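Novice: Below is a structure I'd like to ask you about.
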Amino acid sequence: MECITLNNVIKRFDAVVALNNISFSVPCGGRYALLGPNGAGKSTTMKILAGLLSQDSGEVYIKGMKPTSTDVKRILGYLPEESTPYRILSVRENLEYIASLRGLRDGQSRIENLIDILDLRPYERMQAGKLSRGNQQKLALALVLLHNPEIILLDEPLNYLDIPTQERVIKYLKTLVNATFLISTHIMSIATRLTDHVIVISHGSVVWVGSIEQLKSLGREDEPIESVVVKLMGV
Ligand SMILES: Nc1ncnc2c1ncn2[C@@H]1O[C@H](COP(=O)(O)OP(=O)(O)OP(=O)(O)O)[C@@H](O)[C@H]1O
């Protein structure tokens, strides 16, 4: 079954065609990276999938449902590229507020667990607006993962994180074996560690889809995977 589907999606911002008839799908349980040069349309795609932007034409489904539907909001976790938690609430208050909005029965235990996994314990009483950028990113990730979403859309998830935290986050995301992932990133090592398939887009259209193994096999022996991706992007 497909958990993420885009069929012939077009999105314009005035004269700019951000998405130009883009189509791809991610099977349920799939772990896909979305790669593309600056301005290719990755964040626009993610925002449409999260129900925050509407397409001009084409079809978009999350598990067969429209992204704006309440049922999708229950099962989807979306991390935007520049995520900002509620600045005047503390780390713990942010988590408690979202747990309560989502009506989570196991909210308290999930909050404790994520505070530990993301190493937020020393900052739990600090206002989010006073956190370092990296600690804000950790909180943003915790807020996205709090309800144990089935479909996880992450736009540059490891931005600002120090290396030990990157490793913790990678380890944790790997434990979520039943979730469907679409991860937009510019960093190939993040794609290869967190996903097993890639969708390469350029100028708002898909130019290549395949497994990381297939991607590697396109290059010469010892050719860095980044170099293969650059050729596919046509930049
Ligand atoms: N709100 C907006 N208003 C006008 N143009 C926009 C808007 N959002 C995106 N665009 C344009 O749409 C195109 C695709 O942008 P998008 O942010 O989706 O690309 P991206 O692949 O995420 O880029 P990057 O890797 O630089 O983050 C770009 O030309 C961008 O300038």
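Novice: With r as the distance between the Cβ atoms of Ile187 and Ser69 and R0 = 25 Å, compute the FRET efficiency 1/(1 + (r/R0)^6) and round to 0.05. Mind dumping the intermediate values first?
Specialist: Working: r = 32 Å, r/R0 = 1.29.
With R0 = 25 Å, the Cβ-Cβ based efficiency is 0.20.
Novice: Residue separation times 0.36 nm, minus the C-alpha to C-alpha distance between Ser25 and Asn178: what's the value?
Specialist: Numbers: separation 153, 0.36 × 153 = 55.08 nm, distance 1.70 nm.
Between Ser25 and Asn178, full extension yields an extra 53.4 nm.
Novice: With a 10 Å cut-off between alpha carbons and a GNM built on the chain, which of Asp14, Asp119, Asp56 moves the most?
Specialist: Asp14
Novice: Run the numbers on segment 29-173 and let me know its relative contact order in percent, using alpha-carbon pairs under 8 Å that are six or more apart. Spell out each step's value before the answer.
Specialist: On the way: 169 pairs, mean separation 39.8, N = 145.
Relative contact order for segment 29-173 comes out at 27 percent.
Novice: Then there's this: If a paramagnetic tag sat 7 Å from the Cα of Ser57 along the Cα-Cβ line, which residues of segment 1-31 would have the backbone N under 15 Å from that point?
Specialist: 7-13, 17-23
Novice: Using the crude model of +1 on Lys and Arg Cβ and -1 on Asp and Glu Cβ, and no other charge, please compute the dipole size for segment 68-178 relative to its Cα centre, in debye to 20. Walk me through the intermediate numbers first.
Specialist: Values: 15 positive and 15 negative charges, 49 e Å.
It works out to roughly 240 debye.
Novice: On a full-extension model of 0.36 nm per residue, what is the gain between Val207 and Arg220, subtracting their alpha-carbon distance, rounded to one decimal in nm?
Specialist: Values: separation 13, 0.36 × 13 = 4.68 nm, distance 1.98 nm.
This chain segment gains 2.7 nm when fully extended.
Novice: Here's something else I'd like to know. Which of Tyr123, Tyr32 comes first, and how do the rest follow, when ranked by fewest Cβ neighbours within 10 Å?
Specialist: Numbers: Tyr123 21, Tyr32 24.
Lowest to highest Cβ neighbour count: Tyr123, Tyr32.
Novice: Out of Asn8, Thr45, Ile22, whose Cα points farthest toward the positive end of the dipole of segment 1-74 (charges: +1 Lys, Arg; -1 Asp, Glu; placed on Cβ)?
Specialist: Thr45
Novice: Continuing with this model, one more query. What does the net charge come to around Ile183 if you take all other residues with beta carbon closer than 14 Å to its beta carbon, with K and R at +1 and D and E at -1? If you can, show how the numbers build up before the last one.
Specialist: Values: positive: Arg31, Lys42, Lys174, Arg193; negative: Glu81, Asp155, Glu156, Asp196.
Local net charge: 0.
Novice: I need the phi-derived Karplus couplings for segment 6-20: 6.51 cos²θ - 1.76 cosθ + 1.60, θ = phi - 60°, integer Hz, Gly and Pro marked x.
Specialist: Ordered by residue, 3J(HN,Hα) equals 10, 10, 6, 8, 10, 9, 10, 10, 6, 7, 7, 8, 7, 10, 10 Hz.
Novice: Taking the chain as a Gaussian network, Cα atoms linked when under 10 Å apart, which of Ile117, Ile151, Ile62 shows the biggest mean-square fluctuation?
Specialist: Result for the chain, Cα springs under 10 Å: Ile117 fluctuates most.
Novice: For a quick check, take a GNM of the chain with Cα springs below 10 Å and name the residue from Thr84, Thr185, Thr44 with the largest mean-square fluctuation.
Specialist: Comparing Thr84, Thr185, Thr44 in a Gaussian network model of the chain, the most mobile one is Thr84.
Novice: Now for a different question. How big is the gap, in Å, between the Cα center of segment 168-209 and the Cα center of segment 1-63?
Specialist: Cα centroid of segment 168-209 versus Cα centroid of segment 1-63: 14 Å apart.
Novice: Can you give the helix-only mean residue ellipticity at 222 nm for the chain, where every DSSP H stretch with n ≥ 4 adds -39500 (n - 2.57) and the sum goes over all residues, rounded to the nearest 500 deg cm²/dmol? The partial results should precede the final answer.
Specialist: Values: 9 runs with 84 residues, N = 235.
It lands at -10000 deg cm²/dmol.
Novice: Then there's this: Quick check: the angle from helix 163-175's long axis to the longest principal axis of the chain, C-alpha only, nearest 10 degrees?
Specialist: Taking Cα atoms only, the helix is inclined about 80 degrees.
Novice: Determine, at each q value in 0.17 (inverse angstroms), the log₁₀ of I(q)/I(0) that the Debye formula gives when each Cα of segment 116-235 is one equal point scatterer.
Specialist: So the normalised log intensities work out to -0.92.
Novice: Going by C-beta contacts inside 10 Å, put His186, His147, His203 in order with the fewest on the left.
Specialist: Details: His186 15, His147 21, His203 18.
Ranked by crowding around the Cβ, least crowded first: His186, His203, His147.
Novice: Peptides 155-161, 4-10: what's the order by average Cβ count within 10 Å, highest mean first? Before the final figure, lay out the partial values.
Specialist: Details: 155-161: 20.9, 4-10: 19.0.
Highest mean packing first, the order is 155-161, 4-10.
Novice: Put a dot 7 Å past each Cα toward the Cβ at Asp14 and Glu82; how far apart are the dots in nm?
Specialist: Simple spin-label model gives 1.9 nm for this pair.
Novice: What length, rounded to one decimal in nm, is gained on full extension from Asp106 through to Asn7, with 0.36 nm per residue of separation minus their alpha-carbon distance?
Specialist: Taking Asp106 through Asn7 to full extension adds about 32.0 nm, to one decimal.
All of the numbers you see were taken from the coordinates with simple rules; none came from a lab. Because the structure is predicted, anything quoted here is derived from the model rather than measured. In this analysis, Cβ positions are derived from the backbone assuming ideal geometry, glycine residues included, and neighbour counts consider all displayed protein chains.
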